[in-house]
Amino acid sequence: MKPKLIQYLDETGKADEKAISDITEEQMFKMYRLMNLTRLWNDKALSLQRQGRLGTMGSVRGQEASNIGMAMPLQSGDWFVPAFREYGALFTLGIPMKDQLMYWGGDERGNRVPDNLRIANICITVGAHLTHAVGIGIAAKIKGEKSVALSSSGDGSTSQGDFHESLNMAAVFKAPVVFIIQNNHWAISMPFEKQTATETIAEKAAAYAIDGFRVDGNDVFAVYKTVKKYTDRAREEHKPALIELVTYRLGDHTTSDDATRYRKPEIVAEWEKRDPISRLRAFLMNNHGWTEEKENKLIEELSADVEKAVQEYEAVEQADPTSMFKYIYSEMPWNLKEQMEEVKGIGQLG
Ligand SMILES: Cc1ncc(C[n+]2csc(CCOP(=O)(O)OP(=O)(O)O)c2C)c(N)n1
Ligand SMILES: [Mg+2]
């Protein structure tokens, strides 16, 4: 059975006012600010990569509403367990922009999470972190904590065994876990239609006896409200949920990809019309006094914040190249010691 798509803000920027009456104006502007910040950071990072100032990274363009809408409902004590296309969610939760530049610039110190934040490390291994989210949820329950583990992964992760094991275990153990799937229609060059024979991802929840929801992932209000409702429920009642966010990857998979090789520009153009930022802007202009002038001021301010993060990133002293050997074994084996000595002999890398 195909679940109904939850949408409160349509492509033209018209909202179901009754449905969103509990979202304050302050929250709406916070969403708008973070979505724009994420896009500006993303575009800047892509341009740094092209100039050889950053490593490989994947664009989050088009997925800003999914990113911000899923992170805003989290409360202190909750856990966020991300994949690799969640910069916006990380910024919403307090990860500095500079740290994300460090990480994608190849400096592992950028993946360190400040002590006051409950965020798992970025997981590049597709789907592996869903099992971690379940473990975190079960641990919270055993400790009697009122918290939820929110994982985020892509449509491609639903073909991994880890996805199915995680949903099953969360259901059987009644773990407070909410699984977000950002269905951006592509797993590198693999289209959604070839990823699964089901029409939706949300319907897969039924096989594990958990609730599944399908949300317009380019509608920040619908994402926020749905994630809030089911993270609140998971905290109180230990009921897991699966939430599919229907969105689109407007950019390439990563900077090593060229999506024009495998997808039609007409389809991308269709999704451009459903852009999450422009529809929220239209809504705020029509209903909350947003103007061109305020817009220009905001973009100027956020661009300056991004520039500052770039300066901070480029001012960081290069990591000690031998650190890559140091955090794998409690006692370093002889062959790694040998390799480390060799690296020391080379001096500074890169
Ligand atoms: C276990 C595993 N297999 C393959 C890869 C290579 N890989 C990196 S991203 C990716 C596609 C992921 O697609 P999806 O889950 O939809 O996330 P998206 O990239 O669209 O955000 C693949 C196959 C990997 N990182 N891990
Ligand atoms: Mg995908």
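The values are calculated or read from the model by the stated rules, or taken from the named source; none is laboratory data. Since we're looking at a predicted model, the values are computed, not measured. Cβ placement follows ideal geometry from the backbone for every residue including glycine, while neighbour counts extend to all protein chains displayed. All accessible areas refer to the heavy atoms of the entire protein, side chains included, with ligands and DNA or RNA removed. Shrake-Rupley method; radii C 1.70, N 1.55, O 1.52, S 1.80 Å.
R0 = 56 Å: FRET efficiency of residue 285 with residue 142, Cβ-based, nearest 0.05?
0.70
Would you list the membrane-span-like helices of the chain, meaning whole DSSP H runs whose alpha-carbon atoms span at least 15 Å along their axis and whose mean Kyte-Doolittle value is at least 0.5?
What comes out of the filter, once short or polar helices are dropped, is 128-143.
What is the dipole size for the range 8-79, taken about its Cα centre, with +1 at each Lys and Arg Cβ and -1 at each Asp and Glu Cβ, in debye to the nearest 20?
600
To make sure I understand the rule: partners must be lysines, Cα under 16 Å from the Cα of residue 44, and not fewer than 8 residues away in the same chain. Which ones qualify?
Once the sequence-local lysines are set aside, what remains near residue 44 is 98, 308.
If you put +1 on each Lys and Arg Cβ and -1 on each Asp and Glu Cβ, how big is the dipole of the range 2-127 around its Cα centre, in Debye rounded to 20?
In debye, rounded to 20, the range 2-127 gives about 420.
Using Cα positions and a limit of under 16 Å, work out the aspartates and glutamates in reach of residue 143, with same-chain residues fewer than 8 apart set aside.
Residue 143 reaches 78, 236, 237.
Given the pairs 4/174; 14/228; 239/273, which span a C-alpha to C-alpha distance of over 27 angstrom in this model?
239/273
Among 132, 238, what's the order by accessible area (1.4 angstrom probe), most exposed first?
If we order 132, 238 from most to least accessible, we get 132, 238.
Using the charge dipole of the chain (Lys, Arg: +1 at Cβ; Asp, Glu: -1 at Cβ; taken about the Cα centre), state which of 243, 68, 101 has its Cα farthest towards the positive end.
Looking along the dipole axis, the top candidate is 243.
Starting at 0 and stepping by 10 Å, how many percent of the alpha carbon pairs of the range 1-70 end up in each bin?
For the range 1-70, the pair-distance distribution reads 17, 38, 26, 15, 4.
Leaving out ligands, DNA and RNA, what percent of the accessible area of the range 1-158 is carbon and sulfur, probe 1.4 Å?
52
What does the accessible area per residue of the chain come to in Å², with a 1.4 Å probe and no ligands, DNA or RNA counted?
48
Please work out whether the range 163-223 counts as rounded, prolate or oblate from its C-alpha gyration tensor, where a ≥ b ≥ c are the square roots of the eigenvalues and a/c under 1.5 means rounded, while otherwise a/b larger than b/c means prolate and anything else oblate?
oblate
When the dipole is taken about the Cα centre of the chain, and only Lys, Arg (+1) and Asp, Glu (-1) are charged at their Cβ, what size is it in debye, to the nearest 20?
In total the dipole reaches around 680 debye.
Report, in whole Å, the centroid distance computed from the Cα atoms of the range 202-217 and the range 273-317.
33
Please name whichever of 209, 220, 9 sits farthest to the positive end of the charge dipole of the chain, dipole taken about the Cα centre and charges placed at Cβ: Lys and Arg +1, Asp and Glu -1.
Toward the positive end, the furthest listed residue is 209.
If you take all C-alpha pairs in the chain, what percent of them are over 35 Å apart?
Taking all Cα-Cα pairs of the chain, the fraction more than 35 Å apart is 24 percent.
Expressed in nm to one decimal, what extension gain is obtained for the pair residue 320 and residue 297 from 0.36 nm per residue of sequence separation less their Cα-Cα distance?
4.2 nm
Would you calculate, for the chain, the mean residue ellipticity at 222 nm contributed by helices, counting each DSSP H stretch of 4 or more residues as -39,500 (n - 2.57) and dividing by all residues, to the nearest 500?
-14500 deg cm²/dmol
For every other residue with a beta carbon closer than 12 angstrom to the beta carbon of residue 133, add +1 if it is Lys or Arg and -1 if Asp or Glu, then tell me the sum.
Taking every Cβ under 12 Å from that of residue 133, the sum is -2.
Between residue 272 and residue 331, with labels modelled 7 Å along Cα→Cβ, what's the label distance in nm to one decimal, could you check?
6.1
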